Amino acid sequence: MPLPIVAIIGRPNVGKSTLFNRLVGKKLALVDDQPGVTRDRREGDASLLGLEFRIIDTAGYEDEDAATLPGRMRQQTEAAVQEADVALFLVDARAGVTPLDEEIARWLRSTDRPIVLVANKAEGRAGETGVIEAMALGFGDPVQLSAEHGEGMGDLFEALLPHVEREEEDVEEEDPDNPNAPLKLAIVGRPNAGKSTLVNRFLGEDRMITGPEAGITRDSIAIDWEWEDFDGNLRPVRLIDTAGLRKKARVEEKLEKLSVADTLRSIDFAEVVVLLLDATRGLEVQDLKIADRVLQEGRALIIALNKWDVAENASSLFNGVKGALDEGLAQVKGVPLLTVSAATGKGLDTLIDVAFKTREAWSRRVSTGQLNRWFERAVEANPPPAPGGKRIKPRYVTQNKTRPPSFVLFGTRVDLLPMSYQRYLINGLRREFDFGAVPVRLTLRAPKNPFDRDKE
């Protein structure tokens, strides 16, 4: 049975994201003094005094035209309320009830969802007047709390209990090595590459706010979804939409810095990362920097050219981007390059299919016997050099971890192997065991010889 859903509603800057972070127990949502930080719906698993539920943080409700960005944010908030079992209506006790609060109250009364009125920032005498004013909104006595300081959580528990209490059931812990575990897929790229549009197309709904304005997405938003593969099987996917990554020199605002940090954390969390390029703009240096960051973190990388339906000189563009990638990502040859259109849906099934296959390679384990049979052939075909007349004697190789595939080479003086020979071995591993373009790591272990005076 899925967890009950609680949505947090209110005008901008009343403390919705602060309460969200308090309930999920970590700073997932971006918080800043300026209003309107949150734009998309962010979800998380919350726990309140043993009460378990799914919490949704929403954008601040504003009475604006639907075509504007605040208007599109409001539509997301309205969708969250329809999805929820109960809504927490937050007001600022210190600021008192505003005309916009009254407008939100009128809208909430028109819905069929239970409403729990919460007076936030109610600590101290400064909030007393606001609490009294909130009673006039028609939702009974407000729950008085301070999301920032954690006061009043017991009262919130009592108010939520009738709406979200469910029978407990055993939940299986997620095994990341299980091939049937959800694929953690992060979508990254420069602003306005079409990341949120792509996620919406996958989901078949306007789950993320999109528009012509660059940098709409601020939070990294994870959404659970099921993809029907080519055999008709449902495969779980955790889609992670992220904020656009601009050149570091252009990132000046504190809020954008927070968004960038959130995106980088999402890369660390993901298994496979899709770098989305804008086909109308081609490949830029910033794209290569993002790709390099993904590979350095040991994540599997796929590159997708979006807006392919409107790309000009498609064939030469594709070949140009492929050549630039081979040159710019010299450490990993053959990163999958796909063409997609988030607007039409073309190529999206292939993208997800390649992502699952890439994860399988990223998680692959090779037996020591197979490894060393290949290793003997590789050394025989191309013996290691003897720098300074000293023979390097590689003995055997073993795999010490997966995700990404990592190997340890043991032998005498193997720490003297030049990078060219290490690349030869890594490329051989890729070809022999079909690792494709996922990062492959090789560590060299030479036993310390107390009689070897030429080595420190």
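The values are calculated or read from the model by the stated rules, or taken from the named source; none is laboratory data. Remember, predicted model here, so these are calculated numbers, not experimental data. Don't worry about glycine lacking a Cβ; one is built from the backbone with ideal geometry, like all the others, and counts go over all protein chains shown.
Exactly one residue out of Lys333, Lys346 is farther than 30 Å from Leu417 by Cα and out of contact with any Pro (no Cβ under 9 Å at 6 or more places or on another chain), and it is Lys346. Do we have any residue at all in region 92-110 that's at pLDDT 90 or above, outside any helix (DSSP H, G or I) and closer than 26 Å to Glu43 by Cβ? The answer is yes; a qualifying residue exists.
The residues on offer are Gly347, Gly334, and the sole one that is within 23 Å of the chain's Cα centre (by Cα) and on the phi > 0 side of the Ramachandran plot is Gly347. Residues of region 339-363 being of a type in the set (Val, Ile, Thr) and exposed (fewer than 15 other Cβ atoms within 10 Å of the Cβ), which ones? Residue satisfying the conditions is Thr344 alone. For residues in region 197-231 being acidic (Asp, Glu) and surrounded by fewer than 20 Cβ atoms within 10 Å (Cβ to Cβ), which is modelled with the lowest pLDDT? The residue in question is Glu213.
If you take the residues of region 308-338 that are at pLDDT 90 or above and crowded, with 21+ Cβ neighbours inside 10 Å, which of them is nearest to Ala355 (Cα to Cα)? In this case the residue turns out to be Val335. Inspection of region 232-245 finds no residue satisfying the criterion of being among the charged types (D, E, K, R), at pLDDT 80 or above, assigned to a helix (DSSP H, G or I) and within 15 Å of the chain's Cα centre (by Cα).
Screening region 310-417 for strands (runs of 3 or more DSSP E) wholly inside it with 3 or more residues that are not polar (S, T, N, Q) returns the ranges 393-401, 406-412. Summed over region 113-140, the residues that are in contact with a strand residue (DSSP E or B) (Cβ under 8 Å, 6 or more places away or on another chain) and surrounded by fewer than 14 Cβ atoms within 10 Å (Cβ to Cβ) give a count of 1. Among the residues of this structure, Ala46 does not count as one that is in contact with a Ser or Thr (Cβ under 9 Å, 6 or more places away or on another chain), modelled with pLDDT of 90 or more and either assigned to a strand (DSSP E or B) or surrounded by fewer than 17 Cβ atoms within 10 Å (Cβ to Cβ) (or both).
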